[in-house]
Structures are given as C-alpha cells and as structure tokens.
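The values are calculated or read from the model by the stated rules, or taken from the named source; none is laboratory data. Just so we're clear, the structure is a prediction, and the values are computed from it rather than from any experiment. Cβ atoms come from the backbone with ideal geometry, glycine included; neighbour counts cover every protein chain shown.
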C-alpha cells in the first residue's frame, strides 16, 4: 500500500512539472503573438514587401554566417526533457524522492501540522 502511495505522489509530481512547463511555454508563445514591441509586425512587413526574395536571402546569409562563427552552438530540444522524465519513471526506483516530506508525514500519508502549531503558539 505504501509503495502505491509513493508512486501516485511521484506521478502527480511529474504531472505538475509537465503542466508547469506547458504553462510557461504557452505564456511565452502568447507574449510573442501579442507582439507588444512590434517586432513581429516589422518582420511580416519586411518579408511581404516588394523585395521579399532579397530579404529572404539576406536573412539566410546572416544565419549561415552565424553558424560559421559558432559551429559548436547546440540547441537542446524539449524532447530531451521529456526523455529524461521518462527515464526517471521507467527506473521506478523506490528510493527516488521527488517531494520532500517530514518523517511524520510518511511520504504524504499523513499531514504534519507541528510547524503551524508552533507558529500559532508563538502568536499568543
């Protein structure tokens, strides 16, 4: 019974991590689409103007120059994060502690209110 409780708590923790990552990415995308600084509008105007092919090839040239100057620049895709989370889950090691509980809480089985009680006593 205790092992199942630990697995459920670890599963909930993994879900929270993924949900936080999703919310962070969604917020970033929303900020980009809102275009508060007007950069997106300028980009669209530049690429849809009369010299769109010249603009395209100019930007392609800049990208190639950047990669020549920084050949070892590595971009880590988000899939690597998800693979690491999968490896943690597949390991299924009982010693994996994803959430810190006090000894009295029994890895989420009980609620430890000692700290709250001590604060309450100090208020009096």
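Quick look at the numbers
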{"read-out": "Residue in the stretch 20-31 that is within 30 Å of residue 107 (Cα to Cα), in contact with a helix residue (DSSP H, G or I) (Cβ under 8 Å, 6 or more places away or on another chain) and part of a helix (DSSP H, G or I) present", "value": "yes"}
{"read-out": "The stretch 88-124, residues that are out of contact with any helix residue (DSSP H, G or I) (no Cβ under 7 Å at 6 or more places or on another chain) and modelled with pLDDT under 80", "value": "88, 90, 91, 92, 93, 95, 97, 124"}
{"read-out": "Enumeration of residues in the stretch 1-35 that are over 22 Å from residue 88 (Cα atoms) and surrounded by 13 or more Cβ atoms within 10 Å (Cβ to Cβ)", "value": "35"}
